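K.L.:
Sharing a structure here in structure tokens format.
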Amino acid sequence: VMEGVYAVHPDFAAKATRGAPIAVGDSRPSDHGSQTFGIVFGDGRNRASARGMLPDAQGYYTNTDYLDAQHSRIDLVRQLMMEHRILFQTASWG
């Protein structure tokens, strides 16, 4: 997720199938990023109807502000694929 996440949200907590959300580059949170993260990775422990599409998967995030002249999106994607074996990315901006 590219928009920043409130990693301490209870629906994102570590459990047997995954760890807590992992920040890459910039861990500053945002409301929109947390909502996006919940759609994908939320486990619905606070409200079953808020269960995400991949509630047992490990989620990674950064803040879009991480992208600049020194950190291009392609460099970030390369890092995510090579270092973290990320399978997909969501960026609901632009």
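The values are calculated or read from the model by the stated rules, or taken from the named source; none is laboratory data. Computed from a predicted structure; not experimentally measured. Methodologically, a virtual Cβ is constructed for each residue, glycine included, from the backbone with ideal geometry; neighbour enumeration extends over all protein chains shown. Heads up: the accessible areas ignore ligands, DNA and RNA and are worked out on the full protein's heavy atoms, side chains in. Shrake-Rupley method; radii C 1.70, N 1.55, O 1.52, S 1.80 Å.
K.L.:
Taking the criterion of being under 15 Å from residue 20 (Cβ atoms) and among the hydroxyl-bearing types (Ser, Thr, Tyr), would at least one residue in segment 72-84 satisfy it? I'd like the intermediate steps shown before the answer.
P.N.:
Keep residues of segment 72-84 that are under 15 Å from residue 20 (Cβ atoms), which gives 84.
Then keep just the ones that are among the hydroxyl-bearing types (Ser, Thr, Tyr); that gives none.
Looking through segment 72-84, none of the residues is under 15 Å from residue 20 (Cβ atoms) and among the hydroxyl-bearing types (Ser, Thr, Tyr).
K.L.:
OK, next. Regarding residue 92, is this residue touching a Ser or Thr at 6+ places or on another chain (Cβ under 7 Å), modelled with pLDDT under 95, open to solvent by 60 Å² or more (accessible area, probe 1.4 Å) and at negative phi? Give the derivation first.
P.N.:
Working: touching a Ser or Thr at 6+ places or on another chain (Cβ under 7 Å): yes; modelled with pLDDT under 95: yes; open to solvent by 60 Å² or more (accessible area, probe 1.4 Å): yes; at negative phi: yes.
Criteria met by residue 92.
K.L.:
Quick check: is even one residue across segment 10-25 in a loop (DSSP other than H, G, I, E, B) and of a type in the set (Lys, Arg)? Reasoning before the result, please.
P.N.:
Let us first name the residues in segment 10-25 that are in a loop (DSSP other than H, G, I, E, B), namely 13-14, 16-17, 19-21, 24-25.
Of the ones still in play, those that are also of a type in the set (Lys, Arg) are none.
No; the residues of segment 10-25 include none that is in a loop (DSSP other than H, G, I, E, B) and of a type in the set (Lys, Arg).
K.L.:
With open to solvent by 60 Å² or more (accessible area, probe 1.4 Å) and acidic (Asp, Glu) as the only criterion, which of 43, 26, 31, 11 stands out?
P.N.:
Values: 43 fails: open to solvent by 60 Å² or more (accessible area, probe 1.4 Å); 26 fails: open to solvent by 60 Å² or more (accessible area, probe 1.4 Å); 11 fails: open to solvent by 60 Å² or more (accessible area, probe 1.4 Å).
Exactly one of 43, 26, 31, 11 is open to solvent by 60 Å² or more (accessible area, probe 1.4 Å) and acidic (Asp, Glu), namely 31.
K.L.:
A further question on this structure: Would you please name the residue that is most open to solvent (accessible area, probe 1.4 Å), looking only at residues in segment 74-85 that are free of Cβ contacts under 8 Å to residues at least 12 places away in the same chain and in a helix (DSSP H, G or I)?
P.N.:
82
K.L.:
Going by the structure shown, is residue 1 surrounded by 14 or more Cβ atoms within 10 Å (Cβ to Cβ), closer than 24 Å to residue 74 by Cα, at pLDDT 95 or above and in contact with a Ser or Thr (Cβ under 7 Å, 6 or more places away or on another chain)? Spell out the reasoning first.
P.N.:
Numbers: surrounded by 14 or more Cβ atoms within 10 Å (Cβ to Cβ): yes; closer than 24 Å to residue 74 by Cα: yes; at pLDDT 95 or above: no; in contact with a Ser or Thr (Cβ under 7 Å, 6 or more places away or on another chain): yes.
No: the conditions fail for residue 1.
K.L.:
What number of residues within segment 40-55 satisfy the criterion of being touching a helix residue (DSSP H, G or I) at 6+ places or on another chain (Cβ under 9 Å) and either small (Gly, Ala, Ser) or modelled with pLDDT of 95 or more (or both)?
P.N.:
So the first thing to find is which residues in segment 40-55 are touching a helix residue (DSSP H, G or I) at 6+ places or on another chain (Cβ under 9 Å), and the list is 41-47, 50-55.
Next, from what is left, pick out any that are either small (Gly, Ala, Ser) or modelled with pLDDT of 95 or more (or both): 41-44, 50-55.
Count: 10.
K.L.:
Scan segment 46-64 and tell me whether some residue there is within 16 Å of residue 87 (Cβ to Cβ) and open to solvent by 90 Å² or more (accessible area, probe 1.4 Å).
P.N.:
yes
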